[in-house]
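The values are calculated or read from the model by the stated rules, or taken from the named source; none is laboratory data. For clarity, every value in this text was computed on a predicted model and none was experimentally measured. So basically every Cβ, Gly included, is an ideal-geometry build from the backbone, and we count neighbours across all protein chains shown. Each accessible area value is taken on the protein alone, full model and side chains, heavy atoms only, with ligands, DNA and RNA left out. Shrake-Rupley method; radii C 1.70, N 1.55, O 1.52, S 1.80 Å.
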Amino acid sequence: MKRILLSLAALTLIAAPAFAVPLKVVTTIQDLASLTKEVGGDRVDVSSIARGYQDPHFVEPKPSFLLLLRNADLLEVVGLELEIGWLPPLLDQSRNPNILPGTKGYLDVSHGVEILERPTVVNRSMGDVHPLGNPHFWLDPANAVRIAIQIEQKLAELRPADAPYFAQRLNAFKVKINEANKHWLAEMAPYRGAKVVTYHASWPNFAKHFGLDVVGYVEPKPGVPPSPSHTFELINLMKAQHVKAILMEPYFDAKTPQSIAERTGAKLVVLYPSVGGAKSGTDDYISLFNTNVANLVKALQ
Amino acid sequence: MAHRGHRALFPILFFAALPAFAQTTDDRVSQLEKRLDALTQEVAQIRQEIDRLKGTPAPAPAAAAEDLTKVEVAPPAAAQPAPASQPSSALTDVQTVNNVFNPAASKVFNPDTSVIGNFIGKAGPANPYEFGPNDERSPFKLDEAEIAFQAFVDPYAKANFFFSVSPEGIDVEEGYAQFVTLPWGLTAKAGKFKALFGKANTWHTHVRPWVDQPLVIHNFFGDEQFHGEGISVSKAIPVTAAFVEATGELYSSELPGVFERRKASDVAWNTHLKAFKDISENSNIELGMSWARGTIADGHNAFGGVDVTYRWKPLQQGLYRGVVGRFEGMVDKRDDFDRRLRGFYASLDYQLAQRWFTGVRLDSADETPSLAQVAPGTRDRGVSATLTFWPSEFSQIRGQLRRTKYGDVKTANELLLQLQFAIGAHGAHAF
């Protein structure tokens, strides 16, 4: 009898990790959630605050998000002050000291990625410029890998017993995105150097990765809606430089960019800046790029 | 004999040296190949740069597929930000970058500092009913500059200071420590702050969707709202269907016209229960109940209130459209007055475009004995319409037309104009 009891106890101990409760991870945007799922697999339970089809600068800090944050083991943020307008009041009320900045349960992924457009001089006459650099860095597949690496390191730190599992999944993700990237680059190769205009300055990393040349913006300054005079100047610029496409996020008003496209012969392309940006075709990071590359190639042909 | 011995050594040495020579040649060839690759890449980059400078589209590169499987994290102790990495041959080689964000390290402990100016213009006759018999409000006035300092004190608390600088002087509008790492789902505040009684009472001037206060706040609590020095403790109540929060607050019973301290130990208390529920991804509702009680010269003064807020904001079109409907009803029972005093406001605000908002508000509030403009118990009624333009997130211009009937006979029509402008880093307020 004693032997049976001992065996049961040993079995329970061995089986315990298998039944461990998944780490509760909350991310500010869906892209981080997608990459966390890639690395964390079934050992994480991931939720995102912002939806992929909303502007991540302007999320309402609703109390319902506090329910997510209250029980989180890990909070992943983009950083570079992308979430400054809404995350601090949520954290103040989250009642979860384990996910506050500087704690083990807080991961700012901007610390390990390539950042573009870091201004040396900045003030608000320049519009809503991010003083620490452009926060839309996740739109570069190499940065996606850098983010995934940081996630893997953080998950391993929080769950050392699962570290080999996370490492194996990270490697699998690297191989998967590497293969996908070869296809994306091959599809975009004929259009390297193509001149484009974007609505907001959301695409510098994406443009760099695919060799696109962003020559102007529909917004006269970041966060400022298009004005007639700026629109007129932009039309002239686009005609002079033979710009073939205007890239726009789905949450901006298409009226002005559509009008510019009609007057310049350029095509207006809706590109999705985040996982979940469209009802279908943007379910995870790789499908997001599949869709964006396909849309862009179609427009540039 | 000796010669024969030397001759025998030569072939041995020759054959022994052959692999070493072959090895050295292979190494050199390998090094030269690498060097050639590097030079080829440099030439390609220079060619691209020349094309870019010439303004001619760069030709498609020679299959520069990065190997993402080689991406890695950079060592964490680098003193300077790593340079932008060149595309490697595979994404599998990618490394993370060690970004240093702190070029002005000596300033990092400075609190977030901001100033928000509130410039008011008005047109219309003097309004002695609400602003006293000598209403001398000038056509233009820098009504207030709110100066805010906010920062973490230590790992346990944040400090929030809001100073109101106005023609009347400088006042600590709020100044409190906020404890954000308490156990058992608690948060707490200690210092001077606005009471969590309903919604409008908690707002700073720049958060209000109107130029003025609703009549019920003005008549029941005065222009400075229900505030005081004390402590506040909130607890999240674990309910899966909604976010529910209970708050209890204790103040020194001192608020001109509202609470009076008869003895040193007199306190006023306030309780608030809030429930928030997402109806859908685009809409939500918030319900609140408040109950407060404090001392006055002839007994006690007690307030009860309910508030309802409905919001609709389609996520994808959130930059351009939105509706907020609000209602707050309050009851005031004073021991120095023979009946309950009542008041409410109801408002609807609609976002017309990215930077344009409009709204209406209905007001009704009894005048209280200590703050009465006409006579205690007399009911004031008002209606307002607003139009707001936001040049940017940091400034807004608002016009408000309001018609107020004080008591049964006296009516004032006013046009209020407001320009608010903010500089510095002002932390977002709670939802």
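For (1) of a type outside the set (Val, Ile, Thr); (2) facing chain B (nearest Cβ under 7 Å); (3) under 29 Å from residue A:271 (Cα atoms), each residue gets a yes or a no:
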site	(1), (2), (3)
A:54	yes, yes, yes
A:60	yes, yes, yes
A:67	yes, yes, no
A:71	yes, no, no
A:80	yes, no, yes
A:95	yes, yes, no
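So, in the range B:211-249, exactly how many residues are out of contact with any Leu (no Cβ under 7 Å at 6 or more places or on another chain), over 30 Å from residue B:398 (Cβ atoms) and open to solvent by 80 Å² or more (accessible area, probe 1.4 Å)?
The number of residues fulfilling the criteria is 3.
Quick check: is even one residue across the range B:154-165 more than 28 Å from residue B:249 (Cα to Cα), open to solvent by 30 Å² or more (accessible area, probe 1.4 Å), modelled with pLDDT of 85 or more and assigned to a loop (DSSP other than H, G, I, E, B)?
To start, the set of residues in the range B:154-165 that are more than 28 Å from residue B:249 (Cα to Cα) comprises none.
The answer is no, given that none of the residues of the range B:154-165 is more than 28 Å from residue B:249 (Cα to Cα), open to solvent by 30 Å² or more (accessible area, probe 1.4 Å), modelled with pLDDT of 85 or more and assigned to a loop (DSSP other than H, G, I, E, B).
Restricting to the range A:1-50, what's the tally of residues that are at pLDDT 95 or above, more than 20 Å from residue A:169 (Cβ to Cβ) and of a type in the set (Gly, Ala, Ser)?
Taking the range A:1-50 and keeping what is at pLDDT 95 or above, we get A:22-50.
Now drop any that are not more than 20 Å from residue A:169 (Cβ to Cβ), which leaves A:28-29, A:49-50.
Within this subset, residues satisfying the condition of being of a type in the set (Gly, Ala, Ser) are A:50.
Counting residues in the range A:1-50 that are at pLDDT 95 or above, more than 20 Å from residue A:169 (Cβ to Cβ) and of a type in the set (Gly, Ala, Ser) gives 1.
Pairs needed: first member in the range A:105-119, away from chain B (no Cβ under 11 Å); second member anywhere, of a type in the set (Asp, Glu); C-beta distance under 9 Å; at least 6 residues apart or different chains.
A:105/A:73; A:106/A:76; A:107/A:76
Could you list all residues from the range A:190-204 that are farther than 14 Å from residue A:299 by Cα and not in a loop (DSSP other than H, G, I, E, B)?
If the condition is that a residue be farther than 14 Å from residue A:299 by Cα and not in a loop (DSSP other than H, G, I, E, B), then A:204 is the only one that fits.
Which condition does residue A:155 not pass, out of (1) closer than 30 Å to residue A:226 by Cα; (2) in contact with a Lys or Arg (Cβ under 9 Å, 6 or more places away or on another chain); (3) open to solvent by less than 20 Å² (accessible area, probe 1.4 Å), if it passes all the others?
Among (1) closer than 30 Å to residue A:226 by Cα; (2) in contact with a Lys or Arg (Cβ under 9 Å, 6 or more places away or on another chain); (3) open to solvent by less than 20 Å² (accessible area, probe 1.4 Å), the lone unmet condition for residue A:155 is (1).
Which of the following residues is in a helix (DSSP H, G or I) and closer than 24 Å to residue A:65 by Cβ: A:111, A:130?
Values: A:130 fails: in a helix (DSSP H, G or I).
That would be A:111, the only listed residue that is in a helix (DSSP H, G or I) and closer than 24 Å to residue A:65 by Cβ.
Kindly provide the set of residues from the range A:147-192 that are at the interface with chain B (Cβ under 8 Å from one of its Cβ atoms), closer than 16 Å to residue B:93 by Cβ and either aliphatic (A, V, I, L, M) or out of contact with any Asp or Glu (no Cβ under 7 Å at 6 or more places or on another chain) (or both), ordered by number.
A:149, A:171, A:174, A:175, A:177, A:182, A:185
Residues are listed down the side, and each one gets a yes or a no for (1) polar (S, T, N, Q); (2) in contact with a Gly (Cβ under 9 Å, 6 or more places away or on another chain); (3) open to solvent by less than 50 Å² (accessible area, probe 1.4 Å):
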position	(1), (2), (3)
A:144	no, no, yes
A:150	yes, yes, yes
A:163	no, no, yes
A:171	yes, no, no
A:182	no, no, no
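Considering only residues of the range B:419-431 that are out of contact with any helix residue (DSSP H, G or I) (no Cβ under 9 Å at 6 or more places or on another chain) and on the phi < 0 side of the Ramachandran plot, which is nearest to the other protein chains (Cβ to nearest Cβ)?
As a first pass, look at the range B:419-431 and keep what is out of contact with any helix residue (DSSP H, G or I) (no Cβ under 9 Å at 6 or more places or on another chain): B:419, B:421, B:424-425.
Now restrict to residues that are on the phi < 0 side of the Ramachandran plot: B:419, B:421, B:425.
Working: B:419: 16, B:421: 10, B:425: 8 Å.
Taking the candidates together, the pick is B:425.
If we only count helices (runs of 4 or more DSSP H) wholly inside the range A:210-301, which ones have 2 or more residues that are free of Cβ contacts under 8 Å to residues at least 12 places away in the same chain and buried (at least 18 other Cβ atoms within 10 Å of the Cβ)? Give the derivation first.
Values: elements: A:228-241, A:255-264, A:285-300.
Answer list for the range A:210-301: none.
How many residues are open to solvent by less than 10 Å² (accessible area, probe 1.4 Å) and in contact with a Phe, Trp or Tyr (Cβ under 6 Å, 6 or more places away or on another chain) if we restrict to the range A:71-125?
Of the residues in that region, 4 qualify.
Do we have any residue at all in the range B:326-344 that's within 25 Å of the chain's Cα centre (by Cα), under 30 Å from residue B:387 (Cβ atoms) and open to solvent by 10 Å² or more (accessible area, probe 1.4 Å)? Write out each step before concluding.
Step one: of the range B:326-344, the residues within 25 Å of the chain's Cα centre (by Cα) are B:326-328.
Remaining after also requiring under 30 Å from residue B:387 (Cβ atoms): B:326-328.
Filter once more, keeping what is open to solvent by 10 Å² or more (accessible area, probe 1.4 Å): B:326-327.
Checking the range B:326-344: at least one residue is within 25 Å of the chain's Cα centre (by Cα), under 30 Å from residue B:387 (Cβ atoms) and open to solvent by 10 Å² or more (accessible area, probe 1.4 Å).
List pairs: first residue in the range A:174-185 and more than 14 Å from residue A:287 (Cα to Cα), second residue aromatic (Phe, Trp, Tyr) and open to solvent by less than 20 Å² (accessible area, probe 1.4 Å) anywhere in the structure, Cβ distance under 9 angstrom, at least six positions apart or on different chains.
Note: pairs meeting the criteria are A:185/A:210.
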